[in-house]
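What follows is a single structure, written as structure tokens, with notes after it.
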Amino acid sequence: MSAILTAEQLSRVLPVDPPVTLVDNADLTIETGCFTAIVGPSGCGKSSLLYLLGLIDRPTGGRLLLEGEELTSLSGDERARIRLEHFGFVFQFHFLLPEFNALENVMLPIRRLGRLDKAGAEARARQLLGNMGLGDKAEKSPDKLSGGERQRVAIARALANDPQIILGDEPTGNLDSANSARVVDLFRQLAHEQGRAVVCVTHDLAIADVADVRVTMLDGRITDVRHQT
Amino acid sequence: MNGRLALLFHIASKHLLVRRRQTLVAVSGVAVGVGFFLAVSALMVGSQADFVKTLIDAAPHIIVYDELRSPPPQPGVRSFPGGAVALRGYKVRNEVRGIRDWPAIVRTIDAIPGAIGSPSLSGAVTLRMGGRDEPLGVIGIDPTIETRVSTIADKLRKGHLSDLEQVQGGVIIGEEMAMRLGLGMGDVVGATSAGGATRSLRIVGLVKKGQIQLGQTSGYMLLREAQSLLNRPYIINRIGIHLADPYSAEEVAHRLETRYSYKAESWHERSADFLGLLVTRNAIMYTVVSAILLVASFGIYTAVSNSVADKRRDIAILRSMGFSQGDLQLVFVMEGLALAFTGILVGWMLGFLLMNILGSLDFPIGGENQKFPIDRSFRQYLIAAASSLLAGVVASWLPARKSARVDPVDILRGAA
Ligand SMILES: Nc1ncnc2c1ncn2[C@@H]1O[C@H](COP(=O)(O)OP(=O)(O)OP(=O)(O)O)[C@@H](O)[C@H]1O
Ligand SMILES: [Mg+2]
């Protein structure tokens, strides 16, 4: 286990009148091989923190380091490139593109990265879908899939470019308990067996209980970071 | 890099295929614009070419006259160029009218590839027939050369230009004048020149009426005979020039005039008023066409603009995945370009069809069935394509920029 992503005094203030503080001087270290859960009451800034960690949003204060390298001053294109290579996102809603079938959805980030040719990208996407138990659903369009299946396609897409960091924003929020358990098992496996850093925002205390690290937030601040065994 | 463009185009084409109706409307807008541009410009350019051809062929491409646009410098001034000497009250030398040294000028002209110069002498005589007088402007020509320089050979009702060489004192006059004098083919008429010389002329040809450029008071004679009738042996006062490329007339005329100082009038100069009319016509045409293309580009603008608005969620998802702002702008520009390209192709077919329909129509003018002059050159297709493409780029780039302003955070938070 080693630190991969470090937030130092990270803040996000919305420049409205009066200013709204979404994230307030957050200090946090995300480690590889570790499943981190972020919990807290609704509206406390969990999603906001996750967007900052995943380079989707820019902080208004503090620093963010990826493997010791400062990310705060990078251009939009450089941040996009880092998202493409190092981050995988899973949201509460599956967020698949409706015009593309499951396979094409998973292929999108692979083709954008451009390390594999089209055939290679397709083979990798099929393999990922197979790992998710969706080998026979590859050609289906998202609206022909169940909620659990869609979320697994979304996870396959998040893993498409073999990212070191997986970020989930209530990825089980819309799933029944069986599907939910399956996703949690998968996330723990990604952390423990494949050595990735997995960060998951959740309301579900059962998930928080099985996490290696449990981060608690209140009113934009991190109030507690607890390592669990 | 190519993989990236292919991927972005894949995304763009999906967007277009999902929104079929809007795509259809935008494509038809461009297609109708391009199609009608082609039809209109084929007619305009075709009729213009027809018109200019008539203008060009009506008379020699250039006519050199024995006139000077400005008097030549006097010998005294020529001897002291730029000198502080002002000469006044000198006796101006009287020069015999006519083009001096004309064989040299004709040789210069004939040295231009494809060009022919036809020297002629014109002067006034009076035709007298049974107590009736008619003034006639005789033009002395060399028939073999003149037929290559002007189209008068085609304008004869009766007779041939070459008959002038066969018949002693042969003359060709307008059919209306012949009627007024009661003359027919082969009749003899007396002609008196300003100098008082009288000679008998025989009618060997009649010029059709209704030829504006030739005039009904002109008559053609052999150059040699005209020179003797007008008592101006070896003198000519006009050189008609036919060029291989009529559009070089202005430049050649200028060259001749600078070199020999005789007035050399190109068909451009002669028809400046008509050519001015054509400029106005073209201005009208291109205004109408720009309006059509503008309307067509509105269709593209609307389609791309709606696409950006509809796909805000997809934009946010793709951005979170690692697509850049530039990637997404390119997706939407590609949508506009795909619409423009498809519209252009369909428009080309439509234009081709319209041209064929227009070209097959008959309409009677002066009792003769005529067809529209249609210009089918590929240039029009290229102009239509280039301008629609330009309009399409602008019309898609403007809304595409808006895709960069979509903040993924707003969308992701709003949907979650
Ligand atoms: N544009 C905005 N203007 C004002 N307040 C905002 C805006 N966006 C977010 N907020 C506020 O910021 C706070 C943090 O939002 P965030 O989505 O990070 O909370 P969260 O912890 O993820 O909540 P939940 O558990 O409900 O998803 C909330 O109180 C929200 O109302
Ligand atoms: Mg949230």
Among the residues of the range A:51-64, the number that are over 19 Å from A:Ala154 (Cβ atoms) and more than 10 Å from every other protein chain (Cβ to nearest Cβ) is 6
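Of all residues in the range B:147-165, how many are without any contact (Cβ under 8 Å) to a residue 24 or more places away in the chain, farther than 13 Å from B:Lys208 by Cα and of a type in the set (Gly, Ala, Ser)?
Within the range B:147-165, residues that are without any contact (Cβ under 8 Å) to a residue 24 or more places away in the chain, farther than 13 Å from B:Lys208 by Cα and of a type in the set (Gly, Ala, Ser) number 1.
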Across the range B:325-345, what is the total count of residues that are open to solvent by 10 Å² or more (accessible area, probe 1.4 Å) and under 14 Å from B:Arg405 (Cβ atoms)? 3
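Yes or no, residue by residue, for (1) open to solvent by less than 10 Å² (accessible area, probe 1.4 Å); (2) touching a residue at least 40 places away in the same chain (Cβ under 8 Å); (3) over 12 Å from A:Glu8 (Cα atoms); (4) more than 8 Å from ligand 1 (Cβ to nearest atom):
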site: A:Asn25; (1), (2), (3), (4): no, yes, no, yes
site: A:Glu31; (1), (2), (3), (4): no, yes, yes, yes
site: A:Cys34; (1), (2), (3), (4): yes, yes, yes, yes
site: A:Gly40; (1), (2), (3), (4): no, yes, yes, no
site: A:Cys44; (1), (2), (3), (4): yes, yes, yes, no
site: A:Ser47; (1), (2), (3), (4): no, yes, yes, no
site: A:Pro59; (1), (2), (3), (4): no, yes, no, yes
site: A:Arg63; (1), (2), (3), (4): no, yes, no, yes
Of everything in the range A:65-118 that's within 16 Å of ligand 1 (Cβ to nearest atom) and at negative phi, which residue is farthest from the other protein chains (Cβ to nearest Cβ)? A:Val90
Please determine whether any residue of the range A:3-19 is open to solvent by 10 Å² or more (accessible area, probe 1.4 Å), within 13 Å of chain B (Cβ to nearest Cβ), within 13 Å of ligand 2 (Cβ to nearest atom) and more than 14 Å from A:Val199 (Cα to Cα). no
When you check A:Gly45 against the structure, is it within 16 Å of ligand 2 (Cβ to nearest atom), over 15 Å from the mean Cα position of the chain (by Cα) and closer than 23 Å to A:Leu5 by Cα, yes or no? yes
Kindly evaluate A:Ile155 against the criterion of being assigned to a helix (DSSP H, G or I), modelled with pLDDT under 90, surrounded by 21 or more Cβ atoms within 10 Å (Cβ to Cβ) and on the phi < 0 side of the Ramachandran plot. no
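How about the range B:123-153: which of its residues are open to solvent by 40 Å² or more (accessible area, probe 1.4 Å), more than 20 Å from B:Met179 (Cβ to Cβ) and not in a helix (DSSP H, G or I)?
Across the range B:123-153, the qualifying residues are B:Ala124, B:Asp142.
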Go through (1) within 16 Å of ligand 2 (Cβ to nearest atom); (2) touching a residue at least 60 places away in the same chain (Cβ under 8 Å) one by one and return the number of the condition A:Phe95 breaks. (2)
Restricting to the range B:392-416, give me the number of residues that are part of a helix (DSSP H, G or I) and either facing chain A (nearest Cβ under 10 Å) or within 14 Å of ligand 2 (Cβ to nearest atom) (or both). 9
Residue in the range A:159-167 that is part of a helix (DSSP H, G or I), over 28 Å from A:Cys44 (Cβ atoms) and of a type in the set (Gly, Ala, Ser) present: no
Reported set for the range B:240-291 where residues are outside any helix (DSSP H, G or I), modelled with pLDDT of 85 or more and within 19 Å of B:Ala104 (Cα to Cα) is B:Gly240, B:Ile241, B:His242, B:Leu243, B:Tyr262, B:Lys263, B:Ala264, B:Glu265
Give the residue that is surrounded by the most Cβ atoms within 10 Å (Cβ to Cβ), with candidates limited to residues of the range A:96-131 that are part of a loop (DSSP other than H, G, I, E, B) and touching a Leu at 6+ places or on another chain (Cβ under 8 Å). A:Leu97
Flagged in the range A:177-207 as within 15 Å of ligand 2 (Cβ to nearest atom) and modelled with pLDDT of 90 or more, in numbering order, are A:Val199, A:Cys200, A:Val201, A:Thr202
Would you mind telling me which numbered condition in (1) open to solvent by 10 Å² or more (accessible area, probe 1.4 Å); (2) assigned to a loop (DSSP other than H, G, I, E, B); (3) touching a residue at least 40 places away in the same chain (Cβ under 8 Å) A:Leu175 fails? (3)
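The values are calculated or read from the model by the stated rules, or taken from the named source; none is laboratory data. As the structure is a computational prediction, the values presented were derived from the model and not from experiment. We place every Cβ from the backbone using ideal geometry, glycine too, and count neighbours over all the protein chains shown. Just so you know, the surface numbers come from the protein's heavy atoms only, side chains and all, with ligands and any DNA or RNA stripped out. Shrake-Rupley method; radii C 1.70, N 1.55, O 1.52, S 1.80 Å.
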